[in-house]
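The values are calculated or read from the model by the stated rules, or taken from the named source; none is laboratory data. From a predicted model like this one, the values you see are computed outputs, not experimental measurements. Cβ placement follows ideal geometry from the backbone for every residue including glycine, while neighbour counts extend to all protein chains displayed. Remember, those area values only see protein heavy atoms, side chains included, never the ligands or the DNA or RNA. Shrake-Rupley method; radii C 1.70, N 1.55, O 1.52, S 1.80 Å.
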Amino acid sequence: MSEQKTVTQDDALKDDVLKMASLSRLQTDGEEQSLFARQFRDILDYMDTLASVDTEDVEPLYTPALHGGMPRDDVSVPGIGRGEALRNAPRRDGEYFIVPRIV
Amino acid sequence: MTDICSLTLAVAAEALRKKEISAVEATRACLDRITRTEPAISALLCVDAENALARAVELDKQGPVADMPLFGIPVTVKDAICTKGLVTTAASRILEDFTPVFDAFVVEKLRAAGAVILAKNNMDEFAMGSTTENSAFQITRNPWNTGKVPGGSSGGSAASVVAGQCFASLGSDTGGSIRQPASLCGCVGLKPTYGRVSRYGLIAYGSSLDQIGPLTRSVADCARVFGVIAGHDRRDATSDPRPVEDCAAALASGQSSQSLKGARLGLPREFFGGGAAAEVRSACEAALRVAESLGAELVEVSLPHTDAAIATYYVIAMAEASSNLARFDGVRYGRRAAEPRNLEELYVRSRTEGFGTEVKRRIMLGSYVLSAGYYDAYYRKAAQVRRLIRDEYLTALERCDVLCAPVSPETAWDIGAHNADPLRMYLMDAYTLSLNLAGLPGLALPVGKGAESGMPVGMQLIGRAFDEAKLFALGHALERALPGIGSPALA
């Protein structure tokens, strides 16, 4: 019975791994899926310890920055230019980044 | 003549100022040292000898200038920091051929201060790791024992400084990535207050956690480099506008070398419990006894949510990483898979071929904790716990000048020892990452060697936000009071 449960759990975790890979625009092979499923179970179990911390009425802290941010002046400034911007592109034609046909 | 590479930055800078040595001599000495030590430690991904020497010649021609605090000083830079015209990979295959078209803010500052940029340091890919074994290109080794890790992710920076390849290096610290390798290799490393040093040009990992900082062979050297790279930059929206204290001048004049007498050093009981190896605890305790004998007062404090910090950190860091690393799509820069049939395949195959296993693991877990149905349970929850952790630090620091804690629960471990178990590796960051959650500054300095391992032990001083001056003052006083750990016998 418990063996059956483990098999089901592992299958569910492999499904989760596939979903995570798809959300992340990554591919995983069968071996990686098994490895990640096992490791993710350990890591997520560990992260689940957060549930035991009492956070009622606690505001989330998303950044430790102590100032409110300083918007820049609303004026245009010279950028790096098209030639420089394209310099590291794997495929380019001098004016544009080239990608496979979309439509 | 004294070996130039064994000098501290401050002594070398003085010799350069007085023209006792030239910038070319200093640069050549470091390049020779690199040639002799690199085969053993592999701390560098790229050495830019030609441009470094050309810059040194230029500096010698110009002569020393008072407002160049790093005049003629050879330095190295972690490969997560953009250097114009010099390949910058973040130790990832996906950026193998990436040559930035601009300098990071900190690199602009180094150049303006007269530094000579020699080389780029190896690191864990995208700064994800604690050993520098996760580099796509090579494993860096600890200069004290090349069978052991140098720590990470700025392991190349720490090893380079300790091996005398340079006088200072810049690293980045998201969860301990400056302090921990500094500790494992036996040098000084500062994680500045969040917002103190611009992140412009740093290849992002966890944007609310990342800070760039210096690694050096002394506290005074660290203060000097910090003074060069700190300051406001409008290109980083989280860069703080307040002025920067001249910490190096204060140390040199003696006005801030506030002795340890009367200093209140807080000891968080959670950091001195059973989690640390006995040799680490005893080296830190011995240093604290020295501080106490010089008049410091030791105050026990508590940070009750320390146990939750690792889970909190990894949820937040992975969430931010999954978002930041979405930009690597094979379109505008970086690796592109061959012959993709459509755009979706271009994205998926370029990323799958370009990223290493640890990076994939963190991106995928980050996507998971941000996804519908899990966001509140993981990401929002972690952000709430983050506030509790930050508030505890602030409360503890109301009673003390600084907090003191070990940097790493163990001294440097064997290469390959923890690779098979990522969770075990994450747990090794227990003492460093809560500081990044709180956004506070931390200075790691060597306090001795482990009685069993003979490897360096580091202790960190943790301060209030923007109070780096106090960390330097007390760190400097402690450094002078301790016997020092010497240098490794490399080459």
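Here are the numbers for this structure:
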read-out: Rg/Rg_ref, segment B:153-262, where Rg_ref = 2.2 N^0.38 Å and atoms are Cα; value: 1.08
read-out: Compactness of chain A - radius of gyration and Dmax, Cα, Å; value: 23.5, 68
read-out: Within straight-line cross-link reach of B:LYS470, lysines at Cα separation under 24 Å, skipping those fewer than 8 residues along the same chain; value: B:LYS109, B:LYS191, B:LYS261
read-out: Surface per residue (accessible, 1.4 Å probe) for the protein assembly as shown, Å²; value: 39
read-out: Chain pair B, A: total accessible area buried, heavy atoms, 1.4 Å probe, Å²; value: 5400
read-out: Proximal aspartates and glutamates relative to B:LYS381, as straight alpha-carbon distance under 20 Å, when same-chain residues fewer than 8 apart are discounted; value: A:ASP42, A:ASP45, A:ASP48, A:ASP54, A:GLU56, A:ASP57, A:GLU59, B:ASP307, B:GLU320, B:ASP391, B:GLU392
read-out: Portion, in percent, of the accessible area of segment A:10-51 that falls on carbon or sulfur, probe 1.4 Å; value: 47
read-out: Segment B:41-120 and segment B:1-23: distance between their alpha carbon centers, rounded to Å; value: 19
read-out: Under 20 Å from the A:GLU59 label point (7 Å along Cα→beta-carbon), backbone N, segment B:366-392; value: B:376, B:379-392
read-out: Cα-based equivalent ellipsoid of segment A:10-51: semi-axis lengths in Å, sorted from largest, via gyration tensor; value: 19, 12, 8
read-out: Packing-based order for B:281-292, B:422-433, B:50-61, using average beta carbon neighbours within 10 Å, highest first; value: B:422-433, B:281-292, B:50-61
read-out: Accessible heavy-atom area order of B:SER253, B:SER302, highest first, probe of 1.4 Å; value: B:SER253, B:SER302
read-out: Pairwise Cα inverse-distance average, inverted: Kirkwood Rh of segment B:227-373 (Å); value: 20.8
read-out: For residues of A:45-53, the mean tally of beta carbons on other chains within 10 Å; value: 6
read-out: Amide H within-cut-off set for B:ALA119, under 5 Å, with H built and near neighbours excluded; value: B:ASP48, B:VAL77
read-out: Cα principal axis extents for the protein assembly as shown, largest first, Å; value: 70, 59, 52
read-out: For chain B, alpha-carbon Rg and Dmax in angstrom; value: 21.2, 71
read-out: Helix A:30-47 vs. chain A, principal-axis angle (Cα, 0 to 90°, nearest 10); value: 80
read-out: Highest to lowest packing among B:389-397, B:195-203, B:8-16, B:463-471, scored as the average C-beta count within 10 Å; value: B:195-203, B:463-471, B:8-16, B:389-397
